[in-house]
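Visitor: Encoded as C-alpha cells, here's the structure I'll be asking about.
The values are calculated or read from the model by the stated rules, or taken from the named source; none is laboratory data. It should be emphasised that the depicted structure is a prediction, and the values quoted were computed from it without experimental measurement. Don't worry about glycine lacking a Cβ; one is built from the backbone with ideal geometry, like all the others, and counts go over all protein chains shown.
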Amino acid sequence: MFVPLHVKSYYSLGYGTASIDELVDEASMLGFSALALTDLENLSGQVQFHYRCCAKGIKPITGLELRAGFDGRNGFGRKSERLILLAADQQGYRSLCRIVSARRTAKGRPSQEHLTGSGPLPLVVQNSGGLFALSDNAGLIRELLVSGAFSRDRLGILLVRPGMNGVEPLAIESARRLAVPLVADLDVVFLKKPDHRLHMLQLAIRQRRKINDVANSDVCESRERWLRSPADARLLFADLPGAVAAAQSIADACRLDLSAAGVRFPVTGLPSGTRPDDRLRERCRAAVAERRTRNEPWSPSHDQRLAQELAVFEDLGFSAFMLLIDEILVHCRKEGIPVIARGSAVSSLIIHLLGASPIDPLSQGLLFERFVHGGKSEWPDVDLDLPWHRRDEVIDWIYEHFGIDRVATVSAHHKFQRRSALREGLKAWGVSSSVIDSLSRALPPEDLGIEEVDFLGLGEADNEHQVVVSNEFETSSRGVPADVLALVQRLIGRPRHLAAHPGGMVFSQEPIGDILPLERASKGVVITQYDLTTVAALGLVKIDLLGNRCLSEIQETLRLAGNAEPGLLERIPENDRATLALIDQAKTIGCFQLESPAMRTLLASIPIRHQSDITAALALIRPGAAGGNAKREFIRRSRGEYPESPVDPSVADRLRETHGLFLYEEDIMVLLAGVAGLDLAEADEVRTAIIKSGGDTDALRPIRERFLRQAAARPGTGNLPRARRAWEDALRFAAYSFNKAHAASFGQLAYLSAYMKAHHPLEFSCALINHHQGIYPLRTIMGEIVRLGVEVKGPHVNLSTWHSHIEECANRAGAGTVRVGLDKVKVLSQRSAAALLAERSRSGRFSSFRNFVERTNLSTRELTALILSGSCDSLEPLTVNAYPFLHEAVVKHLQLGSGPEVIEGLRIQQSPVKPEDQSHLKLYQALTRLRNELRYLQMHLVAHPMALLRVEANRYDCLPISVASSATDSSYIRLAATVAAMRRITTKQGVMQFVTLEDESGLIEAAVLPPTYRRLGNRITTPGPFLVLGRLRQNEGAVYLEVDDMEPFYRRPRPFHGKNRRLCGKG
C-alpha cells in the first residue's frame, strides 16, 4: 500500500489549500490506510489531524517540513533546501516541538537570531531523538548521516513524482551511494488539480503580489502536486517498488497517537508533602468562616454542596487546578485588581468562596454538574474577567511566578471572513479599489447574528421577508467574473494568520516548549501554535484571563467616587430600585451587555423588577431563543398577555422567574432528572445528546427509549405519560436554552454597570470616555453623557492629562465636570503627549501658542489637530471667540513653514456684524467647531448636531425623538437625526436595513423594508444628519420607525418648492 509521507494542509499558511477534514476525508475516500501531515514549519493542525484520522480509520503520522530561509511571514524559504521530519513516537513529537519552537521564537531574541531563516540542520542534529529525516536534497541527508545523529534506517532520499525529471538518476544514485532508503513521494500541496488556482491565490495574498506575478515565480508549485489514489501512486512508481516499500516501512515504524493524551497536572506552589486536596479544603474552611463573620447566608445546603464539590475535585484530581486559580485570585486581591468569573464556573460554590464570583450559586439555582461532574475527564473551563487596562499586569506576574518556561499564551487562529476574503482576494486579482469597496459595502455585518440584526422580528413576519443566510457575494453589475468570485469565496474559513488569544493561558509542570509547538506572534509575544481547543484536547490546563472594559469602567467609577476599597463590588446592594428603573426604561447606552439595539428593544418590552429579569433578558437575546418563538412568548407572558402553561412539578419553582418557560439549560437538567430519577450529571449528558442529535429522529430514538424506561421503572403511577411530556418539553426547549451560570455572571456585571450609571453619573461618564468600546461610536456615547446632565469639557494642553479626568467646580460644592484627555486627540501620538505633559510638569503651563510650540517638538499634523480640536484655545493669539478664523489662519501658516514669531502676531480683522446676522455667525462657528471635533476627537462637545440644527429642523415639522417615541401607533412622523448604528440583512424580498437614529433628545430604532430599500437604495453612506419620514410602529412595547423616505439633511427641499414634497413640512 502506498503511503503519502509528505502532505500539506491549509495550516501551511498561504501555501496548502486543504482543511484537515477535507484532507483526511479525501484520503479515506481514496482508500489510504496511513497518511502523514507535514506542514511548513508548524504543527498547528496535528492534534485535529490525529482525531480525524482515528475517526476515519486512517493511521496518522505527524511531521513537518523545514526550509532554509523560511521567515514565517512572506518568505516560504528555499524549496531546494527542505527537510521533512516525521515523529516515530512521543520522543519524536517532543523533538519536533523543540525544533519548531526554537526556529519560530528565535526572532526578537538576540542570542537566537541566527536560527531565524537559517538552515535547520544544527537544530535537527541536537534534537534527533525519535525522528525520521527525509529530503530530496541528498546533500542534507549526507550531512545528517555524517553528524552521527541519525542511523541510516532513520534517513531517506525523497523521489518526487511527477516533477524531478532529469535529476531522478542523481537521487537514485545518491541513495545507493549513501546506503539510505529511496522513498517515494507525491509532495502533496492540494487535494485536486483545479485547486492549483487557490494555491496561487493564497501565495499572492501572502506575498502581497498579483496572481499573475506569482504564477510565473519559483515559489509557485506545479499543477501536479495533488493527492492521487494509491493505485495511481503505485503506477507512478511501478519501476521503483522499493521506494514505495520504504515509505510503507517508515509509516509502520511511526506509532505516535496524539488523540490518546491524558490529563497533565499544572504547576503549583505547594510545599513538598502538601496534598492539593487538603490545601483546597483548608482554603474553603477559611472562606466559610470569614463569610459567617460577615453574617452572610450559609445553610446546611451550602455545607452539603461544598462537601460534594470537594469530593468531586478530589476524585478527578482537579484540586491542584482550583489552587492554581486561587493563587491568581490572591495576587489580584493583593494588587487591588477586581476579578469576576464568567460561564459555567460560576455554578461552583468553591469558585464563589475563593472570591472569583460574587454570585452564590445556591441562591440562583445554579447546578455544579453543569460545570464539573464525575463523568468529565477534561479540565473544566474557567474564564476570569479582569479590568482590560490591568490584564497585562496580571499576565506578566503569571509568567514571573510560575516560570516563563512553564506558561504560554494560547494562539487564536484567525480565519478569512467574507469581507477580508473579498478584499484581499480581489486585490490579488488586480481588481480596482472602487469595485472592491462597492462589493464590500454590500456585505452584511460579520459580528452580528441574524437574531441580533433583525431584533424586531420583521424578517419573520411572513414568508416574503424570510431571512436568507448566505456567504454568496453580491455580484450584480460589478464586472467581476463569476469564476473569480467563486474562487475568492473559497478563502472564507481558511486560516489567515496566528495571533495571541485575547486571554488564553496554558500551564504545565514540564517545559512547555517540549510538549507544545511555540512561535513568536507579530507583536513579540510567544504563543502556542495550537489553539484553545487543541490545548484542551492534549489534557493541558488552560485558563482564560479576559480583559473586560466594563470592569475597568466600574473600578474607575468607584475610585473617582471615593469608594476604592477592596471587596466593594460584593457589597453593592442587590435589586436597587433606581438601577432596575433605569434598566426597565431601557436607558442603558454605555451599560455592559445592555446597550445594543436588540437588548434595549427587549428591555423596553419586558418589565424589569428583579435582577433575575436581567439574567433572563441576556439568555433571551442569544441565538436560538432570539431567533425562535421563545423570546416572543416570554415577552407576552411577562406582560400578562399570554397565559402560563402548566409545568412539571419538578421544575415549577424554578420556572416562576421565567414565567413557566424553559429558558436555561439547568431547567432542562432538573426536569429530566426529576422525571426519570437521573442524577444531574446523567441529565446533563441526556440534554447534551439531544442538542448534538440536531433533531435527528434515528439518533434520538435510543436516547428517548432509555429515558422512558428509566422513568417507567420508578415507583408510582402515571410516570410514563409524564415522562413523554417531559421528553417533548426537552426536545422543544433544549436547542435554544442557555447556560444560566453564564447569563447570571454577565447579568451581574450588567447590573453593576447600570448601578454606576444610576448612582454615579459623573464618574461613570468619565470612565466611559476612558474605557468604553461598545457598538456605538464615541459621539453617541457623548450624546448620552450630555443627556445624563454631565458637563464635558474638551481637551486642553494646559489642563488635560493623558486620560480624561474630573475637574472640581470651584463655585459648586461636590460638583464637577469631565475634562477630556489628550488620548482622544487623533494624530497626537502617546509619545508626543507624554513629552508635552512632562514639559508642562517640569516648567509650568504654556503661556502662549508661541511658548507652546517652542517648548514642544510636535509635528505640523499634531499641532493642526490640537488647534482645530480647540485644545489650544486661550493660548494667545488663539481665542474661543476667534474660532475658526484665526485657528485656520494659524494652521495655514504652520503648513507654509512660518515660525512661531510670525504666528504670534496674527490677528483677524473682522468687519462689524449686523445684529440680525449674529445668530448666523454663531451657528457657523459652532458647526465648524463641531465638524472639527468629530474629525479630531470623534465626539461632539460644542453641542449635538441636531441641537444646532433644531430651528431648521422645526421648519420641516421634525419632532425630537423623545416626543416622536410617545406618538400613537401608525402615526406619520418626520425626524431630523444622525445615524448611531446601521445593520443590513438579506431576505427573500431583498435587502432590509436597520438603523439606530439619534438626536439631542434620544435614540429610536428604524427599519427600511425591502421595497423601500429598493426604491431608495443605500442612502446611509455617512453618519448624517438625515431628514427621515416614516410611520411609527409599536411592537410588544417597543417602538420603532418604519422608514418611508430618507434624505441627507443638507439636501432637504425648501418648503413647498422641492420636488420631494413628502419630506417638506406639509405632507
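Visitor: Can you find even one residue in the range 218-230 that is hydrophobic (A, V, I, L, M, F, W, C), free of Cβ contacts under 8 Å to residues at least 12 places away in the same chain and under 28 Å from His50 (Cα atoms)?
Guide: No - not one qualifying residue is present in the range 218-230.
Visitor: Can you say whether Ala926 is part of a helix (DSSP H, G or I) and either among the small types (Gly, Ala, Ser) or not assigned by TED's automatic domain parsing to the domain that holds Glu876 (or both), as far as the supplied structure shows? Break it down stepwise before answering.
Guide: Values: part of a helix (DSSP H, G or I): yes; either among the small types (Gly, Ala, Ser) or not assigned by TED's automatic domain parsing to the domain that holds Glu876 (or both): yes.
So Ala926 fits the description; yes.
Visitor: Ok, one more. Applying the selection to the range 500-538, what residues are of a type in the set (Val, Ile, Thr), over 22 Å from the mean Cα position of the chain (by Cα) and not in a loop (DSSP other than H, G, I, E, B)?
Guide: If the condition is that a residue be of a type in the set (Val, Ile, Thr), over 22 Å from the mean Cα position of the chain (by Cα) and not in a loop (DSSP other than H, G, I, E, B), then Ile512 is the only one that fits.
Visitor: In the range 318-390, which helices (runs of 4 or more DSSP H) lie fully inside it and hold 2 or more residues that are closer than 22 Å to Arg654 by Cβ?
Guide: Hits in the range 318-390: 349-353, 361-364.
Visitor: Return yes when Val818 is assigned to a loop (DSSP other than H, G, I, E, B), assigned by TED's automatic domain parsing to the domain that holds Arg907, in contact with a helix residue (DSSP H, G or I) (Cβ under 7 Å, 6 or more places away or on another chain) and within 29 Å of Leu768 (Cβ to Cβ) and no when it is not.
Guide: no
Visitor: Can we say Ser229 is at pLDDT 95 or above and either at negative phi or buried (at least 20 other Cβ atoms within 10 Å of the Cβ) (or both)?
Guide: Answer is yes for this residue.
Visitor: Next question, about the same structure. Search the range 891-907 for residues that are surrounded by 12 or more Cβ atoms within 10 Å (Cβ to Cβ) and pair each with any residue that is of a type in the set (Gly, Ala, Ser) when their beta-carbon atoms are under 6 Å apart and the residues are at least 6 apart or on different chains.
Guide: That search, which allows pairs on different chains as well, returns Leu906/Ala889.
Visitor: Moving on to the next point. Do you know which residues across the range 554-591 are under 19 Å from Ser605 (Cα atoms) and assigned to a loop (DSSP other than H, G, I, E, B)?
Guide: Gln585, Ala586, Lys587, Thr588, Ile589, Cys591
Visitor: Can you pull out every residue in the range 592-624 that is assigned to a helix (DSSP H, G or I) and among the hydroxyl-bearing types (Ser, Thr, Tyr)?
Guide: Selection gives Thr601, Ser605, Ser612, Thr615.
Visitor: Out of all the residues in the range 156-167, is one or more small (Gly, Ala, Ser), in the same structural domain as Val24 (by TED's automatic domain parsing), modelled with pLDDT under 95 and exposed (fewer than 14 other Cβ atoms within 10 Å of the Cβ)?
Guide: Yes, that holds for at least one residue.
Visitor: A further question follows. When residues of the range 874-896 are filtered for being of a type outside the set (Ser, Thr, Tyr) and in a loop (DSSP other than H, G, I, E, B), how many remain? Quick ask: steps written out before the conclusion?
Guide: The first filter runs over the range 874-896 and keeps only residues of a type outside the set (Ser, Thr, Tyr), leaving 875-878, 880-882, 884-896.
Next, only the ones that are in a loop (DSSP other than H, G, I, E, B) stay: 875-878, 880-882, 884.
Total satisfying the criteria: 8.
Visitor: Here is a list of conditions, (1) more than 36 Å from the chain's Cα centre (by Cα); (2) among the hydrophobic types (A, V, I, L, M, F, W, C); (3) surrounded by 14 or more Cβ atoms within 10 Å (Cβ to Cβ); (4) outside any loop (DSSP other than H, G, I, E, B), and Leu921 meets all of them except one; can you say which number that is?
Guide: So Leu921 meets the others, but not (3).
Visitor: Separate question: Right, Val214: among the β-branched types (Val, Ile, Thr), under 25 Å from Tyr11 (Cβ atoms) and assigned to a loop (DSSP other than H, G, I, E, B) or not?
Guide: Working: among the β-branched types (Val, Ile, Thr): yes; under 25 Å from Tyr11 (Cβ atoms): yes; assigned to a loop (DSSP other than H, G, I, E, B): no.
So Val214 does not fit the description; no.
Visitor: If you check Ser971, Ser919, which single one turns out to be hydroxyl-bearing (Ser, Thr, Tyr) and in the same structural domain as Gly1024 (by TED's automatic domain parsing)?
Guide: Ser971
Visitor: Return yes when Pro181 is over 16 Å from Arg234 (Cα atoms) and not assigned by TED's automatic domain parsing to the domain that holds Gln489 and no when it is not.
Guide: yes
Visitor: Considering only residues of the range 994-1018 that are on the phi < 0 side of the Ramachandran plot and without any contact (Cβ under 8 Å) to a residue 40 or more places away in the chain, which is surrounded by the fewest Cβ atoms within 10 Å (Cβ to Cβ)? Let's see the steps before the verdict.
Guide: Initial filter on the range 994-1018 (on the phi < 0 side of the Ramachandran plot): 994-1001, 1003-1016, 1018.
Those left that are additionally without any contact (Cβ under 8 Å) to a residue 40 or more places away in the chain: 1006, 1008, 1011-1016.
Details: Ala1006: 24, Val1008: 28, Pro1011: 12, Thr1012: 18, Tyr1013: 20, Arg1014: 12, Arg1015: 10, Leu1016: 16.
Top of the filtered list is Arg1015.
Residues checked against (1) in contact (Cβ under 8 Å) with a residue 24 or more places away in the chain; (2) crowded, with 23+ Cβ neighbours inside 10 Å; (3) within 34 Å of the chain's Cα centre (by Cα):
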{"position": "Leu948", "(1), (2), (3)": "yes, no, no"}
{"position": "Val951", "(1), (2), (3)": "no, no, no"}
{"position": "Leu975", "(1), (2), (3)": "yes, yes, no"}
{"position": "Met982", "(1), (2), (3)": "yes, no, yes"}
{"position": "Ile1020", "(1), (2), (3)": "yes, no, yes"}
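Visitor: Scan the range 238-263 residue by residue and report those that are buried (at least 20 other Cβ atoms within 10 Å of the Cβ) and part of a loop (DSSP other than H, G, I, E, B).
Guide: Correct list: Cys254, Leu256.
Visitor: Something else about it: Determine if the range 30-41 includes at least one residue that is in a helix (DSSP H, G or I), among the small types (Gly, Ala, Ser) and either free of Cβ contacts under 8 Å to residues at least 60 places away in the same chain or in the same structural domain as Arg225 (by TED's automatic domain parsing) (or both).
Guide: no
Visitor: Here's something else I'd like to know. Could you tell me whether the range 462-483 includes any residue that is aliphatic (A, V, I, L, M), assigned to a loop (DSSP other than H, G, I, E, B) and at pLDDT below 75?
Guide: Among the residues of the range 462-483, at least one is aliphatic (A, V, I, L, M), assigned to a loop (DSSP other than H, G, I, E, B) and at pLDDT below 75, which makes the answer yes.
Rundown of residues vs (1) β-branched (Val, Ile, Thr); (2) at pLDDT 95 or above; (3) closer than 14 Å to Ile554 by Cβ, yes/no style:
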site: Ala726; (1), (2), (3): no, no, no
site: Phe733; (1), (2), (3): no, no, no
site: Ser737; (1), (2), (3): no, no, no
site: Tyr751; (1), (2), (3): no, yes, yes
site: Glu763; (1), (2), (3): no, yes, yes
site: Ala767; (1), (2), (3): no, yes, yes
site: Pro777; (1), (2), (3): no, no, no
site: Ile785; (1), (2), (3): yes, yes, no
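Visitor: Okay, moving on. Determine if the range 988-997 includes at least one residue that is over 21 Å from Asp437 (Cα atoms) and at pLDDT below 90.
Guide: yes
Visitor: For Tyr736, indicate whether it is part of a loop (DSSP other than H, G, I, E, B) and farther than 30 Å from Leu868 by Cα.
Guide: yes
Visitor: Within the range 690-729, take every residue that is under 31 Å from the mean Cα position of the chain (by Cα) and under 23 Å from Leu366 (Cα atoms) and give me the one that is surrounded by the fewest Cβ atoms within 10 Å (Cβ to Cβ).
Guide: Of everything passing the filter in the range 690-729, Lys692 is surrounded by the fewest Cβ atoms within 10 Å (Cβ to Cβ).
Visitor: Separate question: Which residues, taken from the range 747-800, are among the basic types (Lys, Arg) and crowded, with 24+ Cβ neighbours inside 10 Å?
Guide: Residue satisfying the conditions is Lys757 alone.
Visitor: Go through Glu574, Glu644, Glu595 for me and flag whichever is modelled with pLDDT of 90 or more, surrounded by fewer than 20 Cβ atoms within 10 Å (Cβ to Cβ) and on the phi < 0 side of the Ramachandran plot.
Guide: Details: Glu644 fails: modelled with pLDDT of 90 or more; Glu595 fails: surrounded by fewer than 20 Cβ atoms within 10 Å (Cβ to Cβ).
Exactly one residue qualifies, and that residue is Glu574.
Visitor: Considering every residue within the range 45-57, establish whether at least one is part of a loop (DSSP other than H, G, I, E, B), crowded, with 24+ Cβ neighbours inside 10 Å and either touching an Asp or Glu at 6+ places or on another chain (Cβ under 8 Å) or at pLDDT below 95 (or both). Before the answer, list the steps.
Guide: Filtering the range 45-57 for residues part of a loop (DSSP other than H, G, I, E, B) gives 45, 57.
Next cut, crowded, with 24+ Cβ neighbours inside 10 Å only: 45.
Then keep just the ones that are either touching an Asp or Glu at 6+ places or on another chain (Cβ under 8 Å) or at pLDDT below 95 (or both); that gives 45.
Scanning the range 45-57, I find at least one residue that is part of a loop (DSSP other than H, G, I, E, B), crowded, with 24+ Cβ neighbours inside 10 Å and either touching an Asp or Glu at 6+ places or on another chain (Cβ under 8 Å) or at pLDDT below 95 (or both), so the answer is yes.
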